[in-house]
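The values are calculated or read from the model by the stated rules, or taken from the named source; none is laboratory data. Because the structure is predicted, anything quoted here is derived from the model rather than measured. As a convention, Cβ positions derive from the backbone with ideal geometry for all residues, glycine included, and neighbour counts pool all protein chains shown. Heavy atoms of the whole protein, side chains included, go into the accessibility calculation; ligands, DNA and RNA do not. Shrake-Rupley method; radii C 1.70, N 1.55, O 1.52, S 1.80 Å.
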Amino acid sequence: MNIQPVRYDHPDAVKLNDQVQLEYAERYGDDGDITPLDATMFDPPAGLYLLAYDEDDRPVATGGWRNQDGAGEHGYSAGDAELKRMYVVREARGLGLARRILAALEESARAAGRTRMVLETGDRQPEAIELYASSGYAPCEKFGHYREYESSRCFAKQLTPAAE
């Protein structure tokens, strides 16, 4: 697998985002995730967006982080990096791609001086919850666009400073 940084508006990123939106609609019966996102939110050094490609150069997984420095009205804290759009296509699940992307995103956020990685998922995504729990994330106070929703599940992980 080949993991590459791309812009959030890259055609392959858009393709996988469309697929994850369909999956959200299947699981939750709505129009998908309506959190306002802009491609520039993921531009380094304030973020990073990654795509994984298989041996046939097909995009199969994605994920990104964006700076959420103290947007207090939405429950974020200074130093937060918010994980967004973690997704693996069905035929590539079980290969460890989400774990590899998550580790790369954490390292990037740590190197950018972020002190905590936060994420919001939903109660109908048990495999996501298991990934985060097994990667050191713990439930935290709700934040973000869906913080008022009963189905929302928020998690956080402290990021230790990058080694110098």
Residue under evaluation Thr35, criteria (1) among the polar types (S, T, N, Q); (2) touching a residue at least 60 places away in the same chain (Cβ under 8 Å); (3) in contact with a helix residue (DSSP H, G or I) (Cβ under 9 Å, 6 or more places away or on another chain), criterion not met: (3)
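Within the stretch 23-37, is even one residue at pLDDT 95 or above and assigned to a loop (DSSP other than H, G, I, E, B)?
The answer is no; no qualifying residue exists.
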Counting just the residues of the stretch 1-22 that are in a helix (DSSP H, G or I) and touching a residue at least 40 places away in the same chain (Cβ under 8 Å), which one comes out farthest from Asp123 (Cα to Cα)? Asp12
Just one of (1) exposed (fewer than 14 other Cβ atoms within 10 Å of the Cβ); (2) in contact with a Phe, Trp or Tyr (Cβ under 9 Å, 6 or more places away or on another chain); (3) polar (S, T, N, Q); (4) at pLDDT 95 or above trips up Ser134, so point out which. (2)
Hey, could you check the stretch 110-163 for residues that are in contact (Cβ under 8 Å) with a residue 60 or more places away in the chain and hydroxyl-bearing (Ser, Thr, Tyr) and say which is nearest to Gly32 (Cα to Cα)? Tyr146
Of those in the stretch 52-107 that are open to solvent by less than 20 Å² (accessible area, probe 1.4 Å) and small (Gly, Ala, Ser), the residue farthest from Thr160 (Cα to Cα) is Ala92
Failed condition for Leu16, given (1) touching a strand residue (DSSP E or B) at 6+ places or on another chain (Cβ under 8 Å); (2) within 16 Å of Glu107 (Cα to Cα); (3) of a type outside the set (Gly, Ala, Ser): (2)
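Which residues, taken from the stretch 38-59, are in a loop (DSSP other than H, G, I, E, B) and at negative phi? Don't jump to the end; show me each part of the working.
Quick first cut of the stretch 38-59, residues in a loop (DSSP other than H, G, I, E, B) only: 38, 43-46, 54-58.
The answer is Asp38, Asp43, Pro44, Pro45, Ala46, Asp54, Glu55, Asp56, Arg58.
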Taking into account only those residues within the stretch 23-47 that are among the hydrophobic types (A, V, I, L, M, F, W, C) and touching a Gly at 6+ places or on another chain (Cβ under 7 Å), which is surrounded by the fewest Cβ atoms within 10 Å (Cβ to Cβ)? Ala25
